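As structure tokens, the structure follows; a few thoughts come after it.
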DNA sequence: CGTAAATACCTCGTATAATGATGTAGATCA
DNA sequence: TGATCTACATCATTATACGAGGTATTTACG
């Protein structure tokens with residue numbers, strides 16, 4: 001139940017990280033996240049597309065339609081400079097959060113409360 | 001905005017980790033998390049008390065009232081055996097999630113999508 | 001040829017969970 | 001006296017991912 005809650009707040013950062021590598025469309029981003037995480041992470045369309053819209057609204061990514069000779073049309077997103085900076089900040093914050101949580105989970109008793 | 005979202009799903013695990021050390025009351029747990037995380041993490045009452053109720057409902061922790069000679073009454077929670085096992089499982093899942101996210105954030109391009 | 005599956009887009013209602021606001025009350029201290 | 005800290009509690013709000021539903025094209029299978 002709380003399994004998926006752990007991912008909250010991370011999908012945008014993950015998308016930015018994928019787009020850092022190369023421009024890609026929504027469906028492809030979802031596949032890329034699965035592939036890179038060795039299938040441990042998986043986002044549905046209901047999560048990916050709203051997240052992409054939000055990122056574009058914030059000016060972190062931009063998109064253009066591509067109509068390949070074969071296959072359906074794709075909306076290809078690319079990372080903007082502003083998005084690159086934001087990605088670095090979010091990576092840093094994520095790292096700090098993990099460290100903080102590990103401090104608590106690790107458990108070192110020192111001072112007494114009250 | 002998405003800052004606090006990153007903590008979702010973790011408060012219960014953090015509480016269990018605190019109680020693994022020693023029985024403690026809600027207010028003290030909040031202080032202990034702050035202290036252990038070097039003030040990086042901080043949960044308000046509105047988060048702590050509902051989380052404690054949920055953990056007790058699930059049979060992971062138990063409580064009893066203490067009325068010290070000085071100061072207001074406290075509801076002291078202690079970790080049950082079932083809670084100890086659950087803590088280990090959640091620590092493991094957290095570790096796996098962090099590793100998975102790091103795989104994506106780290107970024108290693110190999111195969112091409114589509 | 002028909003149809004299932006995969007690719008590819010999109011929206012909306014629902015569920016979950018942390019927060020902030022609000023409230024009570026005793027203890028301490030200036 | 002009143003501010004601050006301890007200590008409990010509830011509730012409406014907000015944020016976010018998900019599932020379900022829908023459209024359309026292409027490819028593969030029988």
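The values are calculated or read from the model by the stated rules, or taken from the named source; none is laboratory data. All of these numbers come straight from a predicted model, not from anything done at the bench. Note that each Cβ is placed from the backbone with ideal geometry, even for glycine, and that neighbours are counted across all protein chains shown.
Restrict the check to the stretch B:37-58 and report whether at least one residue is within 11 Å of DNA strand C (Cβ to nearest atom), in contact with a strand residue (DSSP E or B) (Cβ under 9 Å, 6 or more places away or on another chain) and at pLDDT below 95.
No, the stretch B:37-58 contains no residue that is within 11 Å of DNA strand C (Cβ to nearest atom), in contact with a strand residue (DSSP E or B) (Cβ under 9 Å, 6 or more places away or on another chain) and at pLDDT below 95.
May I ask you to list the residues in the stretch B:1-18 that are facing another protein chain (nearest Cβ under 7 Å), outside any loop (DSSP other than H, G, I, E, B) and out of contact with any helix residue (DSSP H, G or I) (no Cβ under 6 Å at 6 or more places or on another chain)?
B:5
Residue B:65 passes all but one of (1) surrounded by 11 or more Cβ atoms within 10 Å (Cβ to Cβ); (2) away from DNA strand C (no atom under 12 Å from the Cβ); which number fails?
In the conditions (1) surrounded by 11 or more Cβ atoms within 10 Å (Cβ to Cβ); (2) away from DNA strand C (no atom under 12 Å from the Cβ), residue B:65 misses (1) alone.
Looking only at residues that are without any contact (Cβ under 8 Å) to a residue 24 or more places away in the chain and away from DNA strand D (no atom under 11 Å from the Cβ) in the stretch B:39-57, which one is farthest from the other protein chains (Cβ to nearest Cβ)? Please lay out each step first, then the result.
At the first step, the residues of the stretch B:39-57 found to be without any contact (Cβ under 8 Å) to a residue 24 or more places away in the chain are B:39-40, B:42, B:44-46, B:49-50, B:53, B:56-57.
Filter again for away from DNA strand D (no atom under 11 Å from the Cβ), leaving B:39-40, B:42, B:57.
Working: B:39: 9, B:40: 4, B:42: 10, B:57: 13 Å.
If we take residues in the stretch B:39-57 being without any contact (Cβ under 8 Å) to a residue 24 or more places away in the chain and away from DNA strand D (no atom under 11 Å from the Cβ), then B:57 is farthest from the other protein chains (Cβ to nearest Cβ).
Out of all the residues in the stretch B:19-38, which are within 19 Å of residue A:100 (Cα to Cα), more than 7 Å from every other protein chain (Cβ to nearest Cβ) and touching a helix residue (DSSP H, G or I) at 6+ places or on another chain (Cβ under 9 Å)?
Taking the stretch B:19-38 first, the residues within 19 Å of residue A:100 (Cα to Cα) are B:19-21, B:28-38.
Subsequent filtering for residues that are more than 7 Å from every other protein chain (Cβ to nearest Cβ) retains B:19, B:29-30, B:34.
Across the stretch B:19-38, the qualifying residues are B:19, B:29, B:30.
Which numbered condition trips up residue A:32, out of (1) away from DNA strand C (no atom under 11 Å from the Cβ); (2) assigned to a helix (DSSP H, G or I)?
Here residue A:32 meets the rest and fails (1).
For the stretch B:7-27, give me the residue count where each residue is without any contact (Cβ under 8 Å) to a residue 24 or more places away in the chain and surrounded by fewer than 21 Cβ atoms within 10 Å (Cβ to Cβ). Walk me through how you get there before you give the answer.
First, the residues of the stretch B:7-27 that are without any contact (Cβ under 8 Å) to a residue 24 or more places away in the chain: B:8-9, B:18, B:21-22.
Next, from what is left, pick out any that are surrounded by fewer than 21 Cβ atoms within 10 Å (Cβ to Cβ): B:8-9, B:21-22.
The total comes to 4.
How many residues are within 14 Å of chain B (Cβ to nearest Cβ), more than 9 Å from DNA strand D (Cβ to nearest atom) and part of a loop (DSSP other than H, G, I, E, B) if we restrict to the stretch A:59-68? Don't jump to the end; show me each part of the working.
So the first thing to find is which residues in the stretch A:59-68 are within 14 Å of chain B (Cβ to nearest Cβ), and the list is A:60, A:66, A:68.
Restricting the remaining residues to those that are more than 9 Å from DNA strand D (Cβ to nearest atom) gives A:60, A:66.
The next check asks that each one be part of a loop (DSSP other than H, G, I, E, B); those that pass are A:60.
Number satisfying all stated conditions: 1.
Counting just the residues of the stretch B:69-90 that are in contact with a strand residue (DSSP E or B) (Cβ under 7 Å, 6 or more places away or on another chain) and part of a loop (DSSP other than H, G, I, E, B), which one comes out modelled with the lowest pLDDT? Full working, then the answer.
Just the residues of the stretch B:69-90 that are in contact with a strand residue (DSSP E or B) (Cβ under 7 Å, 6 or more places away or on another chain), to begin with: B:73-80, B:83.
Restricting the remaining residues to those that are part of a loop (DSSP other than H, G, I, E, B) gives B:73, B:80.
Values: B:73: 89, B:80: 97.
Ranking the qualifying residues of the stretch B:69-90, first place goes to B:73.
Among the residues of the stretch A:90-105, are any more than 10 Å from chain B (Cβ to nearest Cβ) and free of Cβ contacts under 8 Å to residues at least 40 places away in the same chain?
Initially, the stretch A:90-105 is screened for residues more than 10 Å from chain B (Cβ to nearest Cβ), giving A:92.
Imposing the further condition that a residue be free of Cβ contacts under 8 Å to residues at least 40 places away in the same chain reduces the set to A:92.
Within the stretch A:90-105, one or more residues are more than 10 Å from chain B (Cβ to nearest Cβ) and free of Cβ contacts under 8 Å to residues at least 40 places away in the same chain.
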